[in-house]
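Structure first, then comments.
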Amino acid sequence: MTSRIKTTVVGSYPVLPWMVGNPSRLVVRDAVMAVLKTQELAGLDLVTDGELMRFDPGHPETNGMVDYFVSQMDGIRRTVSPFDSERYRADRAAGYLALTGATVVSKIGEGTLNLPRDCEFARALTRLPFKFTSTGPHMLARLLNNTYYPDLPDLAMDIAAVLRRQLELVDADTVQLDEASIAGFPQDTRWAAEAINHVLDGILCEKAVHICFGNYGGQPMLTGFWRDLIPFLNSLHADHLVLEFARRGYDELEVFSDLDPKIGLGIGVIDIKDNEVESPELIAARIEHIVKTIGERRLQYVHPDCGFWMLKRSVADRKMRALVEGRDLFMGHIGS
């Protein structure tokens, strides 16, 4: 008998209209409460704050996945000179289009970043199991303009040290690190795993790592294959992974037979790059295919591929309801 498969989201939610131009703490509190209630009514097993506290009304085109962290850390300058831009563009490995407008000029420190406070703020608003998300050290290191550290691994480890000190104090049911760049940089996997594991080893609750191929404007940002990342995934000290699949299809599922059985799997069954809302029957069929391919008890979570922040709220809400209904349909079929 297959154990109960839980439903969750990856993290972000569309910014609520009343937040724009009025980012007061009370307004953010009401917005986070609305997002948590929406997930509760959809029937999700593990909820998030929608990452709404990271929204910057001065930069509505981003979701704060990078800027929220680097804008508060010590050692990072928030302005970019023409020299910085040219230097970054010359670094083809970094990718010019990913420039964040932040330059590392001295040793990385915590600054005013306070992730335990952020978690406490949201967790107090729900009685459901709560997941707290944080961008991981590899992604942050890759998207900074580094003019101080001799190499990226050193930068990543200092970022990891900051994140570990913060996340070991977070009181959540699950903490998830988001690493949305590693799929495009398989040459980084050795030092990326070292930095990510340094953070994971400080987390005292369930530990998850989300990996995807990027999302901007409904388009993937990276290319690559899961098979190339299996050794890296096996090296992670995570309890489960949160992986993008719905958009890419499920042809690569079989390579996860080589994944360490101690690492649980969360598989995307909702395409967040498409406004069409999946039917519960389609989601149930996807779950059935996943279970048949990777084996019973390996699948611990089903979820969207990535965060919802680029979708309309009405679409995101319907996709969440379909996710739960599809999971329930699948579980009902195998239990009958």
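The values are calculated or read from the model by the stated rules, or taken from the named source; none is laboratory data. Small disclaimer: the values here were computed from a predicted structure and weren't measured. With ideal geometry, Cβ positions are generated from the backbone for all residues, glycine too; neighbour counts draw on all protein chains shown. Just the protein is used for accessible areas: all its heavy atoms, side chains included, with ligands, DNA and RNA removed. Shrake-Rupley method; radii C 1.70, N 1.55, O 1.52, S 1.80 Å.
Could you give the accessible area per residue of segment 137-212, probe 1.4 Å, as a whole number in Å²? Provide the component values of the computation, followed by the final result.
Values: 2370 Å² over 76 residues.
About 31 Å² of surface per residue is accessible.
Can you tell which of LEU41, LEU204, LEU16 shows the greatest fluctuation in a Gaussian network model of the chain with Cα springs below 10 Å?
The residue that fluctuates most here is LEU41.
Pull up the cross-link candidates among the lysines for LYS6, meaning alpha carbon to alpha carbon under 30 Å and not fewer than 8 places away within one chain.
Straight-distance partners of LYS6: LYS37, LYS131, LYS207, LYS262, LYS273, LYS292, LYS312, LYS319.
Starting at the first residue of segment 4-15, write each ³J(HN,Hα) from the Karplus equation 6.51 cos²θ - 1.76 cosθ + 1.60 with θ = phi - 60°, in whole Hz, x for Gly and Pro.
Ordered by residue, 3J(HN,Hα) equals 4, 8, 8, 10, 8, 10, 7, x, 7, 9, x, 5 Hz.
Compute the angle between helix 280-294 and the longest alpha-carbon principal axis of the chain, please, reported from 0 to 90 degrees and rounded to the nearest 10.
For helix 280-294, the angle is close to 80 degrees.
Compute the signed sum of charges (Lys and Arg +1, Asp and Glu -1) over the other residues within less than 10 Å, Cβ to Cβ, of PHE121. Don't skip to the end; give the middle numbers.
On the way: positive: ARG25, ARG29, ARG117, ARG123; negative: ASP49, ASP118, GLU120.
Local net charge: +1.
Under 15 Å from the Cβ of VAL32, count the other residues' Cβ atoms, weight Lys and Arg +1, Asp and Glu -1, and hand me the total. Walk me through the intermediate numbers first.
Values: positive: ARG25, ARG29, LYS37, ARG54, ARG117, ARG123, ARG127, LYS131, ARG313; negative: ASP30, GLU40, ASP49, GLU51, ASP118, GLU120.
With Lys, Arg at +1 and Asp, Glu at -1, the neighbours total +3.
Over segment 192-336, with every protein chain in place, what whole percent of the accessible area is carbon and sulfur at 1.4 Å, could you tell me?
On the way: 2970 of 6100 Å².
The computed percentage sits at 49.
Of the listed values (1) 100, 43, 30; (2) 63, 50, 35; (3) 64, 46, 35, identify the label whose number matches Cα extents along the principal axes in Å calculated from this model.
Recomputing Cα extents along the principal axes in Å here picks out (3).
Ordering TRP18, TRP191, TRP226, TRP309 from largest to smallest accessible area (1.4 angstrom probe), what's the sequence? Write out the running numbers ahead of the final one.
Working: TRP18 110, TRP191 25, TRP226 0, TRP309 55 Å².
I get TRP18, TRP309, TRP191, TRP226, largest accessible area first.
Binned at 10 Å from 0, what are the whole-percent values of the Cα-Cα distance distribution for segment 1-56, short to long?
23, 47, 20, 7, 3, 0
In percent, what relative contact order does segment 238-336 have, based on Cα pairs under 8 Å that are 6 or more apart in sequence?
Working: 140 pairs, mean separation 34.5, N = 99.
Answer for segment 238-336 is 35 percent.
What percent does the relative contact order of the chain come to when contacts are Cα pairs within less than 8 Å and at least six residues apart?
Details: 648 pairs, mean separation 65.4, N = 336.
Relative contact order, the chain: 19 percent.
Rounded, prolate or oblate for segment 220-335? Axes are the square roots of the Cα gyration tensor eigenvalues, ordered a ≥ b ≥ c, and the cut-off for rounded is a/c under 1.5. Show your work: numbers first, answer last.
Working: a/c = 2.00, a/b = 1.28, b/c = 1.57.
Taking the square roots of the gyration eigenvalues as a ≥ b ≥ c, segment 220-335 is oblate.
Quick one: dipole size for the chain, taken about the Cα centre, charges +1 on Lys/Arg Cβ and -1 on Asp/Glu Cβ, in debye to the nearest 20.
On the way: 36 positive and 46 negative charges, 99 e Å.
It comes to approximately 480 debye.
Could you state the angle between the C-alpha long axis of helix 189-200 and the longest principal axis of the C-alpha atoms of the chain, as a value from 0 to 90 degrees rounded to the nearest 10?
Approximately 80 degrees, to the nearest 10.
If you take the charge dipole of the chain about its Cα centre, with +1 on Lys and Arg Cβ and -1 on Asp and Glu Cβ, which of ILE203, LEU125, ILE287 is farthest toward its positive end?
Result: LEU125.
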